[in-house]
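Some notes on the structure that comes next.
The numbers here are math on the coordinates, done by the rules we state, and not lab data. All values derive from a computational prediction rather than experimental measurement. FYI the Cβ positions are ideal-geometry reconstructions off the backbone, even for glycines, and counts take in every protein chain you see.
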Amino acid sequence: MTDLIFYTHPMSRGRIIRWMMEEVGQPYDTQILGFEDSMKSPAYLSVNPMGKVPAIKHGDTVVTECGAICAYLADAFPQTGLAPAHGSKDRGPYYRWLFFAAGPVEQAVGVKSMGWETPPERERMLGFGSMDHVLDALEGALDGRDYLAGDTFTAADLYVASHLSWGMQFGTIEKRPNFERYVALHTGRPAAKRAAEIDDALIAAQQPAE
């Protein structure tokens, strides 16, 4: 047993946090939960009352929501260099783009996935405005850059690259050259590959034998 527990399902946003856990490189225990049963059990609802994954428990501290988990783990294990130092000029852009993905990107993709159309005159009522505004802002941030905060990979890159990769794969985010380049760069990291292999193996193990 370790003091770091990861609650997930291999076909969920937990894949983002699996990658983060592999980047952190600390021992962790994994609890695989089912969408319709153990995720809604009293035991897990005491961890996350939303009955959703991912979540982590680090000692007595519980953290839910992907962006929050990424930020927490980067600060909990500063030796990984996954967050710019407090007080550095890169800390602001790090927070900005980490939570841009948690807010506008997540909201815009969700609205598009539901097939909802927002009248242009009502865009100001939504935090993300429109999908075009979100993608244009993100593309501008990535123009000529490999990293969103400074000159090294951070949890913000992991989180944004995960959103872009997933969205482009399933057609909820438009494929743009800057996005494809950025995703290929970061999902090619050894930790990203290890994480994908772990979750893909779990999915394969769940498939009924032919």
Beyond 30 Å, how much of the Cα-Cα pair distribution for the chain remains, as a whole percent? 24
Based on Cβ point charges of +1 for Lys and Arg and -1 for Asp and Glu, what charge dipole magnitude is obtained for the range 60-194 about its Cα centre, in debye rounded to the nearest 20? 300
Quarter of the surface of the C-alpha convex hull for the range 91-191, i.e. direction-averaged projected area in nm², equals 6.5
Just want the answer: with Cβ charges of +1 for Lys and Arg and -1 for Asp and Glu, which residue in Ala76, Thr118, Gln206 is farthest toward the dipole's positive end in the chain? Ala76
Residues with beta-carbon under 13 Å from that of Ile69, excluding Ile69: net charge, scoring Lys, Arg +1 and Asp, Glu -1? +2
State to the nearest 20 debye the size of the charge dipole of the range 4-81 about its Cα centre, where the only charges are +1 on K and R beta carbons and -1 on D and E beta carbons. 180
Lys, Arg +1 and Asp, Glu -1 on Cβ, resulting dipole of the range 81-143 about Cα centre, debye, nearest 20: 320
If you bin every alpha carbon distance in the range 4-81 into 5 Å steps from zero, what whole percent lands in each bin? 3, 17, 30, 26, 15, 7, 2, 0
So for the range 32-165, averaging the separation of alpha carbon pairs under 8 Å that are six or more residues apart and normalising by length, what relative contact order in percent results? 23
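Quick one: order Thr30, Thr154 by neighbouring beta-carbon count within 10 Å, fewest to most.
Thr30, Thr154
When a footprinting reagent is the concern and you count Cβ atoms within 10 Å, what order do Val24, Val111, Val160 take, fewest first? List each step's numbers first, then the result.
On the way: Val24 21, Val111 17, Val160 25.
Fewest to most other Cβ atoms nearby, the residues stand as Val111, Val24, Val160.
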Could you check which residue among Leu33, Leu158, Leu45 shows the biggest mean-square fluctuation in a GNM of the chain with a 10 Å Cα cutoff? Leu45
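Would you list Trp116, Trp166 from fewest to most Cβ contacts within 10 Å?
So the residues, fewest neighbours to most, are Trp116, Trp166.
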